[in-house]
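The values are calculated or read from the model by the stated rules, or taken from the named source; none is laboratory data. Since the structure is predicted, the reported quantities are computational estimates derived from the model, not experimental observations. A quick note on method: Cβ atoms are made from the backbone with ideal geometry, for glycine too, and the neighbour counts reach across all protein chains shown.
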C-alpha cells in the first residue's frame with residue numbers, strides 16, 4: 001500500500017479521467033442524435049428512389065443496368081473501408097479492419113497474391129492502418145466527416161463508379177459498421193458494384209400503377225437513376241458508420257466512466273485504511289509515551 | 001395538389017401547390033392539377049412552384065419527378 005499522498009494523487013487523477021470520459025460520453029450522445037437524424041432525413045429519398053426503380057425495372061430486361069451491372073470475372077477488387085476519424089470507441093474500427101484482413105486472407109487470397117486487391121479508406125483509422133500496407137492502399141477520404149453531406153460523399157461514389165466502368169475493378173465492396181442501436185453495431189459487407197439484379201419479389205403485394213408516362217423513356221430513366229441509387233448506397237453506409245461510431249463511443253465511454261468509479265471506490269477504501277492505520281499508530285505512540293511518563 | 005421536394009440531406013419543401021414547372025430531359029414542362037401519372041428524369045435548370053404565397057424557384061442540377069394522383073414527388077440531388 002502506497003503512502004497517503006500517493007493514494008491521494010491517484011484518486012485525483014482517476015477522478016479527472018472520469019470527468020473526461022463522462023464529458024465524452026455526453027458529447028457522443030448529442031452527436032449520435034444528430035447522426036441518427038441524418039439517417040432519418042435520408043430515408044424518404046432512398047425509399048422513393050428504390051420504389052421508382054423497382055417500378056421501372058418491373059417491365060424491363062435485366063440488361064438495363066448498363067455499365068454498372070456488368071458481371072466480369074472477378075480479378076481486381078476494391079474494398080471500401082468505412083471507419084471513423086477518431087478512436088476511443090471500443091472495437092469499432094478494429095472490427096472493420098479485422099473483417100477486411102480476413103476477407104483478403106481467405107476469400108480473395110488468389111487476387112491478393114497478384115496484388116489486385118485494393119482498399120480505399122474512408123476515415124482516418126482505416127487509412128492509418130492500410131497506408132502501412134502500400135500493396136493494398138488505394139487512397140483515403142478522411143475529410144468527409146467534417147461535413148457529412150450528400151454533396152461531399154457523392155464525388156467518391158462517382159469516382160469509384162467511373163473506375164469500375166473503365167474496368168479498373170471487377171468488384172467493389174463496402175465494409176462498414178451498420179448501426180443497430182447505440183450499443184450494437186454490426187460489421188457488414190455490401191456489394192457496391194456490379195449491381196446485383198434485384199431479388200425477384202414474388203409476393204406482388206403493392207398495387208402496381210404502371211400506366212405512368214415515362215419521359216424520356218424507361219431505359220433512359222433507369223440509366224439516370226442507377227448512379228443516384230449507387231451514391232445513396234455509399235452515403236447510407238457512411239451515415240450508418242457515423243452514427244455507429246458515436247454509439248460505440250458512447251457505450252465505451254460509459255464503461256470507462258463506470259470503471260473509473262470502481263477504481264475510485266477501491267482507492268478511497270485503501271486511502272481510508274492507510275489514514276486509519278496512521279491515526280492508530282499515532283495514538284499508540286501517545287499512549288505509550290503517557291504510560292512511560294506515569295511509570 | 002401536394003408537392004414534396006426531397007434531397008438526400010433533407011426535405012426541402014412539402015405543402016400545397018397549384019402548379020409546378022420542371023426542366024425535364026426532353027423539355028421543360030408544367031404540372032397542374034389532375035396531371036396524368038408521369039415519371040420523368042430532370043436535367044439542369046430551374047424548378048418553379050406556385051404556392052398560396054407566391055411563386056418560388058430553385059436551381060437544380062439533376063433529379064427525377066413522379067406525379068401520381070395529385071401527389072408530386074421531386075427527388076433532387078442538391
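What the table below lists for this structure:
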quantity: Scope the range A:69-99; condition touching a helix residue (DSSP H, G or I) at 6+ places or on another chain (Cβ under 8 Å), within 19 Å of residue A:238 (Cβ to Cβ) and in a helix (DSSP H, G or I); matching residues; calculated: A:92, A:93, A:96, A:97
quantity: Selection status of residue A:39, in contact with a helix residue (DSSP H, G or I) (Cβ under 6 Å, 6 or more places away or on another chain), within 12 Å of another protein chain (Cβ to nearest Cβ) and surrounded by fewer than 18 Cβ atoms within 10 Å (Cβ to Cβ); calculated: yes
quantity: Condition broken by residue A:148, with the remaining ones in (1) in contact (Cβ under 8 Å) with a residue 60 or more places away in the chain; (2) crowded, with 18+ Cβ neighbours inside 10 Å satisfied; calculated: (2)
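Table: residues versus (1) at pLDDT 90 or above; (2) more than 35 Å from the chain's Cα centre (by Cα); (3) in the same structural domain as residue A:119 (by TED's automatic domain parsing).
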residue: A:177; (1), (2), (3): yes, no, yes
residue: A:180; (1), (2), (3): no, no, yes
residue: A:183; (1), (2), (3): no, no, yes
residue: A:186; (1), (2), (3): yes, no, yes
residue: A:215; (1), (2), (3): no, yes, yes
residue: A:221; (1), (2), (3): no, no, yes
residue: A:224; (1), (2), (3): no, no, yes
residue: A:240; (1), (2), (3): yes, no, yes
residue: A:263; (1), (2), (3): yes, no, no
